[in-house]
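The values are calculated or read from the model by the stated rules, or taken from the named source; none is laboratory data. Here the structure is a predicted model, which is why all the values come from computation and not from measurement. As a convention, Cβ positions derive from the backbone with ideal geometry for all residues, glycine included, and neighbour counts pool all protein chains shown.
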Amino acid sequence: MNKKRVIWLVPVLVMAFAMSACNSNDDGGGSKPLSLTGDVFNRDGSVYTGTKDTLTSSAGGSGTIKGGKLSFSIPTPNNQKSMATLLSDLDARFGFNVFSYAGWAPTDTRAMDLVFSNLTKKMEVTTGASKTREEVNYIYVDRDCTVTADGGNTATYAGVTATVSKFTLDFKRGWNAFSMLLLANGTLVIGTGDSSNCKWILE
């Protein structure tokens, strides 16, 4: 082989190996911890200014509230469940039949939701003229997964009998936020993503 050609190929091969190594280590964000921060409020909407030295959750992790400021970090949970179990648990926690009507793919997806165990608080609740309740929750999935439901069924949410809208939740590997919005017309809308309207509420 021509000596000049060999010299030219060396940096190309080095770059190819480097790209291959990066791809093999890329977990799509699945190992990134979920970091939660923000001001904490009481149920009546007033600002919480206290301190909670130790917070834990169903998904692991640790954190504190200091001077009314939440700081919590949650790594990849090691107690993941089948998606079927997770969706059933969500319905039991919220007290309705919504996610039990859903299908998902891939069917072997494993997941975990976030529930604070020694402090019952969650990303939750605003009220206004166009909505009566909004809530944000978090779910971990071990691979990209889509959860879908045709909607049309009714569910009692926050004491209101609501019609569940059709929804498609495209979860990416790792931690994802999903929201539930109860409209004033009695429709429950479910989607992925956080909400700037919601606040951390100390229950």
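Points to keep in mind about this one:
- If you filter region 56-98 down to residues that are in a loop (DSSP other than H, G, I, E, B) and free of Cβ contacts under 8 Å to residues at least 40 places away in the same chain, you find that the one that is farthest from the chain's Cα centre (by Cα) is 67.
- Here residue 191 meets each of (1) crowded, with 17+ Cβ neighbours inside 10 Å; (2) within 20 Å of the chain's Cα centre (by Cα); (3) closer than 19 Å to residue 93 by Cα with one exception, condition (1).
Every residue, every condition in (1) exposed (fewer than 12 other Cβ atoms within 10 Å of the Cβ); (2) hydrophobic (A, V, I, L, M, F, W, C); (3) touching an Asp or Glu at 6+ places or on another chain (Cβ under 6 Å), yes or no:
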{"residue": "45", "(1), (2), (3)": "yes, no, no"}
{"residue": "48", "(1), (2), (3)": "no, no, no"}
{"residue": "51", "(1), (2), (3)": "yes, no, no"}
{"residue": "55", "(1), (2), (3)": "no, yes, no"}
{"residue": "59", "(1), (2), (3)": "no, yes, no"}
{"residue": "72", "(1), (2), (3)": "no, yes, no"}
{"residue": "75", "(1), (2), (3)": "no, no, no"}
{"residue": "94", "(1), (2), (3)": "no, yes, no"}
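Matching residues to (1) surrounded by fewer than 18 Cβ atoms within 10 Å (Cβ to Cβ); (2) modelled with pLDDT under 90; (3) over 14 Å from the mean Cα position of the chain (by Cα):
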site	(1), (2), (3)
100	yes, yes, yes
123	no, yes, no
133	no, yes, yes
138	no, no, no
148	yes, no, yes
159	yes, yes, yes
164	no, no, yes
172	yes, no, no
